[in-house]
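Trainee: Please find one structure pasted underneath; my questions will follow.
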Amino acid sequence: MQLYDYFRSGAAYRTRIGLNIKGLEYEQISVHLTKDGGEQYKADYAAVNPQMLVPTLIDGDLKLTQSLAIMEYLDEVYPEPRLLPSDVAGRARVRALAQIIACEVHPINNLKVRLYLVDEMGVSPDDRKIWIAHWISEGLTAYDKLLDDDATGDFSHGDKPTMADSCLIPQLYNARLNGCDLSAYKNILRVEENCQAHPAFIKAHPDQQPDAE
């Protein structure tokens, strides 16, 4: 396997967690998102991923993009340990939690949106921080309330990490990079503490990546 990756990308980070939970070996190919205007825009990478985003996973002859699709693929091809629960209701709950982050929070705060706000719309750096903090707060507030559910255990769903945790932890890392106060999210912080002690999450942390700066 090859993973086109960037150490600080939230989507790549969550994919690394998923691969690590599965215990799969993969070669990391760094695509620096800010160097020289962004290596993701260069023709050689655009030929790999027409969206010019990371991650991209190569598994044999198969090329996959989009982190949630990659993790669902991994669960179908390499079924143990599971990223999605075995029961229908559990899978739906984990997908919903994951999508709060991956579909509602992350896309409107990622690098290309932040650059567009400043470079094209003239939003000041201070107002950009307000934008980021607002959407992170809205998403994490909902996520934290959903963790009041009886299905929550040591992790977001039960006592083993799932795709939901793979999405949550990178978003918390990004929130702290942007100076967001997370102290109100008691359920999330408890789950985060358990994730931080898990080898898959430790190995996936941005500071542990070969391209870390």
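Bear in mind that the values in this text are calculations on the coordinates, not laboratory data. Just so we're clear, the structure is a prediction, and the values are computed from it rather than from any experiment. Every residue, glycine as well, gets a Cβ built from its backbone with ideal geometry; the counts of neighbours run over all protein chains shown.
Trainee: If I take R0 = 22 Å and measure r between the Cβ atoms of His32 and Leu115 in this structure, what FRET efficiency does the formula 1/(1 + (r/R0)^6) give, to the nearest 0.05?
Mentor: Details: r = 15 Å, r/R0 = 0.66.
Efficiency for this residue pair is about 0.90.
Trainee: At q = 0.22 Å⁻¹, what base-10 log of I(q)/I(0) does the Debye formula yield for region 88-201 when every alpha carbon is treated as an equal point scatterer in vacuo?
Mentor: Ignoring solvent entirely, the Cα scatterers give -1.19.
Trainee: How long are the three semi-axes of the equivalent ellipsoid of region 2-81, in whole Å, if each is the root of 5 times an eigenvalue of the C-alpha gyration tensor, listed from largest down?
Mentor: Details: eigenvalues 100, 33, 19 Å².
They are 22, 13, 10 Å, listed from largest to smallest.
Trainee: Please identify, among Gln196, Gln66, Gln99, the residue showing maximal mean-square fluctuation in a Gaussian network model of the chain using a 10 angstrom Cα cutoff.
Mentor: Sorting by GNM fluctuation, first place goes to Gln196.
Trainee: Let me ask something else. Karplus couplings for region 206-213 from phi (6.51 cos²θ - 1.76 cosθ + 1.60, θ = phi - 60°), rounded to Hz, Gly and Pro as x?
Mentor: x, 5, 9, 8, x, 9, 4, 10
Trainee: Quick one: Met163, Met1, fewest Cβ neighbours within 10 Å first, how do they rank? Walk me through the intermediate numbers first.
Mentor: Values: Met163 30, Met1 14.
Going from least to most buried by this count: Met1, Met163.
Trainee: If amide hydrogens are placed 1.01 Å from N in the peptide plane, which non-local residues have theirs closer than 5 Å to the one on Leu24?
Mentor: none
Trainee: Name the residues whose placed amide hydrogens come within less than 5 Å of the amide hydrogen of Thr152, ignoring near sequence neighbours (fewer than 5 apart) on the same chain.
Mentor: Amide H to amide H, under 5 Å and 5 or more residues apart or across chains, Thr152 pairs with Gly158.
Trainee: Applying the Karplus parametrisation 6.51 cos²θ - 1.76 cosθ + 1.60 with θ = phi - 60° to the phi angles of region 144-154, what ³J(HN,Hα) value in whole Hz is obtained for each residue in order, glycine and proline being reported as x?
Mentor: For region 144-154, the Karplus-derived couplings read 4, 5, 5, 6, 6, 4, 4, 6, 6, x, 5 Hz, x marking Gly and Pro.
Trainee: Further question on the same structure: Can you return the lysines within cross-link range of Lys35? Criterion is Cα-Cα under 29 Å, with same-chain partners fewer than 8 residues away left out.
Mentor: List returned: Lys63, Lys112, Lys129, Lys203.
Trainee: What is the antiparallel percent of DSSP beta bridges lying wholly in the chain, to the nearest 5?
Mentor: Details: 7 of 12 bridges.
Taking every DSSP beta bridge with both residues in the chain, the antiparallel ones total about 60 percent.
Trainee: Okay, next question. How large is log10 I(q)/I(0) at q = 0.11, 0.14, 0.18 Å⁻¹ when the Debye formula is applied to the Cα atoms of the chain, each weighted equally and without solvent?
Mentor: Per q value, in the given order, log10 I(q)/I(0) is -0.51, -0.84, -1.36.
Trainee: Taking the beta-carbon count within 10 Å as an exposure proxy, list Val113, Val77 from fewest neighbours to most. Walk me through the numbers before you get to the answer.
Mentor: Values: Val113 15, Val77 11.
So the residues, fewest neighbours to most, are Val77, Val113.
Trainee: Looking only at region 1-91, where both bridge partners belong to it, what percent of the DSSP beta bridges are antiparallel (to the nearest 5)? Could the numbers behind the result be given before it?
Mentor: Values: 7 of 11 bridges.
In region 1-91, DSSP labels about 65 percent of beta bridges as antiparallel.
Trainee: Taking neighbour counts of Cβ atoms within 10 Å as a proxy for exposure, in what order, fewest first, do Cys180, Cys167, Cys195, Cys103 appear? Don't skip to the answer; put the middle values down first.
Mentor: Details: Cys180 18, Cys167 30, Cys195 22, Cys103 14.
Ordered by Cβ neighbours within 10 Å, fewest first: Cys103, Cys180, Cys195, Cys167.
Trainee: With a sphere of radius 15 Å drawn around the Cβ of Ala89, what net charge do the other residues whose Cβ falls strictly inside it have (Lys, Arg +1; Asp, Glu -1)? Kindly include the intermediate steps, with their values, before the conclusion.
Mentor: Numbers: positive: Arg82, Arg91, Arg93, Arg95; negative: Asp87, Asp149, Asp150.
Value of the local net charge: +1.
Trainee: Per 0.36 nm of contour for each residue apart, how much would the distance between Asn178 and Ser124 grow if the chain were fully extended, relative to their Cα-Cα spacing?
Mentor: Values: separation 54, 0.36 × 54 = 19.44 nm, distance 1.47 nm.
Net length gain for the segment: 18.0 nm.
Trainee: Which whole-angstrom value gives the distance between the alpha carbon centres of region 160-182 and region 27-91?
Mentor: 18 Å
Trainee: Right, something else. Towards the positive end of the charge dipole of region 159-213, with charges on Cβ (+1 Lys, Arg; -1 Asp, Glu), say which of Ala175, Ile188, Pro206 has the farthest Cα.
Mentor: Ile188
Trainee: Excluding residues on the same chain fewer than 8 positions from Lys186, give the aspartates and glutamates whose Cα lies under 14 Å from its Cα.
Mentor: Straight-line reach from Lys186, under 14 Å: Asp144, Asp148, Asp149, Asp154.
Trainee: Please list the non-local residues whose amide H lies under 5 Å from the amide H of Thr56, H modeled 1.01 Å from N, same-chain partners needing a gap of 5 or more.
Mentor: Tyr4
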